Amino acid sequence: MEQRARQTWREQTKWIVHMMILVTFWSRAAAQVRYAISEEVREGTAVGNIAKDLGLDKITLKERGYRIVYGSTEPPFRLNNDDGNLYVNRKIDREEVCDRNKVCVIDLKTVLENPLEVHYVAVEILDVNDHSPSFPENEKMLEISESALPGARFQLQAARDADSGSLSVQLYKLSHNEHFRLEVKDRGEDRKTPSLVLQKPLDRESVMTHVLLLTAIDGGKPPRSGNMTIIVDVSDVNDNPPVFTQDSYNVELKENSAVGTTVIQVNATDVDGGSNGEVVYSFGNDVDARVRTRFDLNPVTGVITVAGNIDFEERSRYEIDIQASDKGAATLTTDKTVIINIVDLNDNAPEIEVTSFSHALREDSKPGTTVALISVKDSDSGLNGKVMCYISQGLPFLLTPSLQNSMYTIATKMLLDREHQSQYNITIIAKDAGEPPLTSEKTINIVVSDVNDNSPEFSQKPYTFYISENNNPGATIFSLTASDRDEDNNAHISYQILRNRGGENPLTSSLNVNTENGDIVALKSFDFETVKTFQFHVVATDSGTPSLSSNVTVNVFILDQNDNPPVILYPLSSNGSAQGVEEIPRNVNAGHLVTKVRAYDPDIGYNGWLLFSLQEHTDHSLFGLDRYTGQIRTLRSFTETDEAEHKLVILVKDNGNVSLSATATVVVKLVEPKEAFAASDVKSAAKKDDEDTNVTFYLMITLGSVSVLFLISIIVLIAMQCSKSTDYTSKYLQEANYDGTLCHSIQYRSGDKRYMLVGPRMSTGSTIVPGSHANTLVLPDRRRISEEVGLKNIRTLRSFTETDEAEHKLVILVKDNGNVSLSATATVVVKLVEPKEAFAASDVKSAAKKDDEDTNVTFYLMITLGSVSVLFLISIIVLIAMQCSKSTDYTSKYLQEANYDGTLCHSIQYRSGDKRYMLVGPRMSTGSTIVPGSHANTLVLPDRRRISEEVGL
């Protein structure tokens, strides 16, 4: 028990220290004004001018809403904001408000809003002598034995006066009587108890009844009084009064004790015998009616029990007069006072009152902004009435206590963010220091109002859109979406396209944006062959004040459509029609190349992959057309019965979904060999043999210069290519009808390999994937080289299925290995499309992006190489033409060959070692000899250089 008491004392000490610390940190200042008025004054009586006493002007009172905070009941005073006076709102009875307290003060809390200020006004209610003393009974009957000795005391009921202090009962007067005198016992708290003292023995035989008048007088000016008549009956002798066994009775009783609980038992004895010795207990005459309702007294046993509700907050101490009387004819009584001290229990939870608070709070409010004013009280006393108040944790608010009247303020302790949390439920918890402690809770809701502090944010950055060419003008091609975390007007977004002032991107004039929903409308139709990709910027602006905005880059890629038919490049007549005439000798063999139809398609991918077919022909057994290259070759040798002229109509079509086509007409004329040689002789006769050595000299100089430039370009190109680590060699696909040409190619990736879907010919630098289709190549993987310099690759782990999503967003974190690691992020959006769309998108992207490994130097070198190569070839052709135009001094000898008619159509010269060879047609050149063992149409030309050396040239 002792250990528990020490523990309770430690907890109480800690609580007191905590409260002292909270009080020390209280920093809010509040003003207090005190007034005094008399009770019972009329309604509307002016108490005082608060505005003047607080130094406030009348305009401030109205603007800041000066008012009285008085809980749920109507306050006894009202405040007039027009003149700043405090007026009595209703008639005030001091005895009703403060009972019999010496000082009666009504505390008022007054509040000024914006900013929040609290002022305390104390109005003291002065007592007025408006009540007269009164006795519980107008007439009191006393029975006193004639044997009573002088000095015997008889306690009387005291008079009650509702007034307090000096206006309560101050003195008693007793009418003159030689047998009795009056004594008054002052018990404090305005309690004076009169007693009747016998000063002269009574004689029943002389006077049987005495009538006395007791007057109670208060301290008012003029005084008020009340009277009680005392009738004393003189009885026969009963000479021993009861005697209590204890000199005093003191007991402690816990409040809220149950009815019937024994408080204490008094005991008195009487030495008289018979009925004169039987003791009966009763409450004294001075015990008021309220005490009698709280306690019961057993008249036989003297046990005092609880009869009603015992509340410490109502009364903490009871002094009860107990009379012990015998049953003699002349009853003798003895008075004893029993003191009952009520022990306070923690039976009242704290009460929380929110006197004022702001429902809406701007999110940009500064820390320390007052949000609410809280009042807390506890009806218990001592530690049971000491209250500690706090709010729930994790909130951006601070509860600060005040010294006066258990007031608290709730203020912000940091900046608020409505977008993070738009409202707060603040739970205020009040806890007293009782054992066990009692708590109360009250929740207030605070709404955070919006401030325009967030810019619009686009759902993607940047946007990438793919649109098909030939779109409908005026139709929506795609849409942008931006969001703003603010609300109302601060979140209302309008869109606009950022136009280039310098006109750098004229395509923005062909676009329009819906300012409300961000839909982009194309004002014209786009053509892939003209524009493959373009970029523009869109600005999103909110409607806040001031407005905030953000912009986003939009990349647009035009997707190719099959909207261009093939264009015939050869044959092409002078009037622009695709028609040509080819003459060939009748004696050519099977497989002879007649001509080649050349065409191209501005479209790409499948849309630009051309196929050739014979639509019309006179004899299907004579000519064959390669469907990929457009080469027309003879299928067999001509006979005498074959017609001399054949018309071939070639259909060229692409591989688009809706195939487009064009036709070319080739007329093949068969001529006799003599006519061919005659035509050749006519041409050679028409040409002049220019033996001017100056021209040859200049041509040789030109040829030498071009060759040197050509060789330098080749060396530089080879050096640059060797600097790249490529260990692959070119291999050609073994495919039927393959002739070494390639029209189109489409690249795509699968796993670690890059594939190229090719047409009739394939690219150097590609290899065949074992088991793949013949027109699928594996391109060298440049990523392996990239990995050596720190580049990382994203690879698929498995094949895609139908259930996989069409779009995947990957966020890559790149960080270094420093002591304090730094990092950056990159976002890759992978879109899964159908194969044809992938080829088209690949072509669009390859057209929009440069290969990172192609530098400006390589680009210029390729241009230089192409130019030098063209010049070199032109020089070779011119030189050969000039050499062929010179007259030869050797005679022709004819080959012994069937069907030979002595004419020669064509010849091709070439050198091998020290010998020069000529590949000839049906006749041979004079001055040439047949190489033994060679084919009949291969001649060895005489070496002019040896002849020149022999003659000293």
- Item | Exposure of Tyr281 as accessible area (Å², to 10), given a probe of 1.4 Å and all protein chains | 10
- Query: For the stretch 351-449, treating each Cα as an identical point scatterer without solvent, what Debye log10 I(q)/I(0) comes out at q = 0.22 1/Å?
  - Reply: -1.08
- Query: Could you give the length gained on full extension between Ser379 and Gln615, defined as 0.36 nm per residue of separation minus the Cα-Cα distance, in nm?
  - Reply: 73.8 nm
- Task: Any chance you could look up the accessible area of Arg633 with a 1.4 Å probe, heavy atoms only, rounded to 10 Å²?
- Result: 90
- Note on the structure: Net charge near Asn471 (other residues with Cβ under 12 Å of its Cβ; Lys, Arg +1; Asp, Glu -1) is -2
- Query: Cβ under 11 Å from Thr827's Cβ, Thr827 left aside: what net charge do those residues give with Lys, Arg +1 and Asp, Glu -1?
  - Reply: +2
- Message: What's the ranking of 711-723, 138-150, 83-95 by average number of surrounding C-beta atoms within 10 Å, highest first?
- Response: 83-95, 138-150, 711-723
- Where the stretch 351-449 is the region considered: accessible area per residue in Å², 1.4 Å probe: 47
- Item | Cα-based Rg of the stretch 163-227 normalised by 2.2 N^0.38 Å, two decimals | 1.34
- Task: Taking H placed 1.01 Å from N in the peptide plane, check which residues at least 5 places from Ile106 or on another chain put their amide H under 5 Å from its amide H.
- Result: Val123, Glu124, Ile125
- Item | Within the stretch 258-277, backbone nitrogen closer than 11 Å to the virtual label 7 Å beyond the Cα of Asp296 toward Cβ | 259-262
- Task: Grab the beta carbon distance between Val814 and Ile467, set R0 = 41 Å, and tell me the FRET efficiency rounded to 0.05.
- Result: 0.80
- Working out 0.36 nm times the residue gap between Met141 and Leu699, then minus their Cα-Cα distance, what length gain in nm do you get to one decimal? 184.3 nm
- Pairwise label distance in nanometres, Ser392 with Ala590, each label 7 Å out on the Cα-Cβ vector: 9.7
- Task: Go ahead and run the numbers for FRET between His359 and Asn489, Cβ-Cβ distance against an R0 of 35 Å, rounding to 0.05.
- Result: 0.95
- Message: Quick check on the stretch 457-559: take the gyration tensor over C-alpha atoms, sort the square-rooted eigenvalues as a ≥ b ≥ c, and tell me if it's rounded (a/c under 1.5), prolate or oblate.
- Response: prolate
- Item | Mean accessible surface per residue for the stretch 33-126, computed with a 1.4 Å probe while every protein chain stays in place, in Å² | 51
- Task: Principal axes first, then extents: for the Cα atoms of the stretch 578-647, list largest minus smallest coordinate on each axis, whole Å, largest first.
- Result: 46, 21, 17
- Phi-based couplings in Hz for the stretch 326-336 (Karplus 6.51, -1.76, 1.60; Gly and Pro marked x): 8, 9, x, 4, 9, 5, 9, 10, 10, 9, 8
- Carbon/sulfur accessible area of the stretch 33-126, % of total, 1.4 Å probe, equals 44
- Would you work out the relative contact order for the stretch 567-671, in percent, from Cα pairs under 8 angstrom that are 6 or more residues apart? 34
- Query: Convex hull over the alpha-carbon atoms of the stretch 33-126: what's its volume per residue in Å³?
  - Reply: 89
- Message: Please report the accessible area of Val671 (heavy atoms, 1.4 Å probe, ligands and nucleic acids excluded) in Å², nearest 10.
- Response: 30
- 3J(HN,Hα) from dihedral phi, the stretch 278-285, Karplus parametrisation 6.51/-1.76/1.60, rounded to Hz, x for glycine, proline: 7, 9, 10, 9, 7, 5, x, 5
- Query: If the label point is 7 Å along Cα→Cβ of Val197, which residues in the stretch 168-184 have backbone nitrogen under 11 Å from it?
  - Reply: 181-184
- Ranking by accessible area, most exposed first, for Val118, Val567 with a 1.4 Å probe: Val567, Val118
- Item | Residue pairs, from the table Lys596/Lys653; Lys377/Lys442; Lys109/Lys377; Lys185/Lys336; Lys254/Lys336; Lys140/Lys327, whose Cα atoms sit over 18 Å apart | Lys254/Lys336; Lys140/Lys327
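Which FRET efficiency value, to the nearest 0.05, is calculated for Thr827 and Val343 with the Förster distance at 51 angstrom and r the Cβ-Cβ distance? Don't skip to the answer; put the middle values down first.
Numbers: r = 73 Å, r/R0 = 1.44.
The computed FRET efficiency comes out at 0.10.
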- Neighbourhood charge, 9 Å Cβ-Cβ cut-off, centred on Asp527 and excluding it, Lys, Arg +1 and Asp, Glu -1: -3
- Message: Out of the total accessible area of the stretch 567-671 (probe 1.4 Å, heavy atoms of protein only), what percent is carbon and sulfur?
- Response: 48
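The values are calculated or read from the model by the stated rules, or taken from the named source; none is laboratory data. Small disclaimer: the values here were computed from a predicted structure and weren't measured. Methodologically, a virtual Cβ is constructed for each residue, glycine included, from the backbone with ideal geometry; neighbour enumeration extends over all protein chains shown. Ligands, DNA and RNA are stripped out before the accessible areas are found, and what is left, the full protein with its side chains, is counted by its heavy atoms. Shrake-Rupley method; radii C 1.70, N 1.55, O 1.52, S 1.80 Å.
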